[in-house]
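Structure record follows, encoded as structure tokens.
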Amino acid sequence: MPLSVWAENYFYLSAESSYTEGKWVAYPYQRGVLDMFGNDDIEDIDVRKSARTGYTKMLLAALAYFTVFKKRNQAIWQPTDSDAKEFVETEYNTMLRDCTPIKKIFPALGKKHSHNTNSYKKFIGCVTYIKGAATARSFRRISIDVAATDETDSFDKDIDGEGSPRKLAKKRTEGATFPKRINGSTPKIKYISEIDAAIEEADSVFTYRVPCPHCRKRQALEFGGKDKNYGLKFTNNDPDTAAYLCIDVDCAALFTQAEYLTIWGKGRWEDQHGNWYCDETHKFMDYAGAIIRAPKHVGIDNLWAIYSPQTTWSQIIKEFLAATKKATHGDLSDLKTFINTTLGQSFEETSEKTDASDLEKQAEDYPLRIIPMGGLIIFVGVDVQKDRFELVFWVFGRGEEMWVVDYVVIEANPAIESEWKKLDPYLLHNYRHASGTLLSVERAGI
């Protein structure tokens, strides 16, 4: 039974963690993601998403499915221990209580028991661990079939010097018959985003494509922007005019969110090669409609707020206008939030970028050990190594202009007090200035 079908029959939205309590009814774009979560041929699935897309509920449904239907040992990591505790209390425990099939395989349900703690659940046939990922110890001494990380970009990049949490979690599934790794996150900073890196490693990256209500051309919905001839558009800074401009230049029609909701059920997940997932047959197809094997590593991308009925397109524009207004005054905080949590994209920090050739053009030709005419004060930095001292002499001028005037390596054993005297001749040395005078070292940092 595919996960989307199982969830439709058995998954339940608990009152404490849902806008509406009741039986699960998946959004059209959620069905394919659920089935990929549950597909044993797919070993890795990474989801780059925004807020309001229902990812946490999909992950909960997958955890329940692996517990009840496939009897898989699994672990889910949250960024910190407090995040893990909150997840268990507000999401996971209520799911266990309200998902009927679990009651038959969880003898400790509702009891204070060592088999039912905030970090460990023992079912008939399998176990689940819920952990914070702040220390490497959280990734040790467990062997599992399913490893999941939630909000991967909020994890530390390097856990206790042992590597990324995503890779540490993957290690725990080595040896499993049907290994499964699920990583989902709202991205944060470009170039250091872990979910961005995971998507780049995927064999196939799928985006949800819906047909235009007017021309039927299938397309992934994107924010676009003022310089693009497609995307979410508005006029006269009025959010209520929000509509989507079809990507087909021959169509160039606008459609509203209401019109989108009449056709979103006809959308499908397609990858960069033209392959797609069929919700009816629960199979992967190539561009010609022939059944193909599922990729081993799947990326889910461009899953952002525009697809979800949990927000309105006018609200997206309101957030955008407010964020850009603050950005014009130098405050980028709301714009960063909009890009991360509404668009589901990583934010590129503004910084000066210099390539090697540009840097080379700035080089000056001057002799070492002679202070240039603009130099005023000499500083020296002493790097202490186990078998040597390394000294770099900097001279500073007006406006903090800097030159390296000397570099010295002194063989020494810093563990022997007398060896430190080898520094004295260099720290007390006078350097000749281009004007002819002598300057001594003003400060030393060791």
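Some points to look at:
- Projecting the Cα atoms of V146, Y10, L59 onto the charge dipole of the chain, computed from C-beta unit charges around the Cα centre, puts Y10 farthest toward the positive end.
- All-pairs alpha carbon distance profile, region 88-175, 10 Å steps from 0, percent: 15, 43, 31, 11, 0
- Accessible surface of the chain, 1.4 Å probe, proportion on carbon and sulfur as whole %: 50 percent
- Listed values for region 292-300 are Karplus-derived 3J(HN,Hα) couplings in whole Hz (6.51 cos²θ - 1.76 cosθ + 1.60, θ = phi - 60°), namely 10, 6, 5, x, 6, 10, 10, x, 10, and x replaces Gly and Pro.
- Restricting region 291-354 to trypsin sites (Lys or Arg not before Pro) in coil, as DSSP defines it, with at most 14 other Cβ within 10 Å: R293, K296, K353
- Residue-normalised accessible area of region 24-84, expressed per residue, 1.4 Å probe, Å²: 24 Å²
- Full extension of the chain between H329 and I263 gives 19.8 nm of extra length, using 0.36 nm per residue less the Cα-Cα distance.
- Label selected from (1) 53, 33, 19; (2) 82, 24, 17; (3) 31, 26, 23, the criterion being semi-axes √(5λ) of the Cα gyration tensor in Å as computed here: (1)
- Here's the picture: charge each Lys and Arg Cβ at +1 and each Asp and Glu Cβ at -1 in region 287-380, and of S346, I370, I300 the one pushed furthest to the positive end of that dipole is I300.
- Region 123-180: trypsin sites (Lys or Arg not before Pro) in DSSP loop, at most 14 other beta carbons within 10 Å: R140, R141, K157
- Percent of beta bridges antiparallel (DSSP, the chain, rounded to nearest 5): 60 percent
- A straight chain from V392 to A415 at 0.36 nm per residue would run longer than the Cα-Cα distance by 6.2 nm.
- Per residue, region 257-375 exposes 57 Å² of accessible surface when a 1.4 Å probe is rolled over the protein heavy atoms with every protein chain present.
- Amide H contacts of K49: S185, T186, each under 5 Å away and 5 or more positions distant or on a separate chain (H built 1.01 Å from N in the peptide plane; Pro and chain starts excluded).
- Sparsely packed loop sites in region 377-420 (the trypsin sites (Lys or Arg not before Pro) outside DSSP H, G, I, E and B with at most 13 other Cβ atoms within 10 Å) comprise K386.
- Stretched out straight at 0.36 nm per residue, the stretch from E442 to I291 would grow longer than its current Cα-Cα span by 46.9 nm.
- Anisotropy class of region 1-48 from Cα gyration tensor, a/c 1.5 cut: prolate
- Using the Cβ-Cβ distance between M373 and K157 with R0 set to 35 Å, the FRET efficiency from 1/(1 + (r/R0)^6) comes to roughly 0.20.
- Cross-link table K157/K180; K167/K336; K57/K85; K121/K170; K57/K226; K228/K326, entries beyond 25 Å C-alpha to C-alpha: K167/K336; K57/K226
- Summing Cβ point charges (Lys, Arg +1; Asp, Glu -1) relative to the Cα centre of the chain gives a dipole of roughly 2020 debye.
- Rounded tilt (10° steps) of 55-68 against the dominant C-alpha axis of the chain: 60 degrees
- Comparing Cα centroids, region 119-169 and region 207-251 end up 40 angstrom apart.
The values are calculated or read from the model by the stated rules, or taken from the named source; none is laboratory data. In this text, all values refer to a predicted model and were calculated from it rather than measured experimentally. A quick note on method: Cβ atoms are made from the backbone with ideal geometry, for glycine too, and the neighbour counts reach across all protein chains shown. Quick note on the areas: whole protein, heavy atoms, side chains included, nothing else; ligands and nucleic acids left out. Shrake-Rupley method; radii C 1.70, N 1.55, O 1.52, S 1.80 Å.
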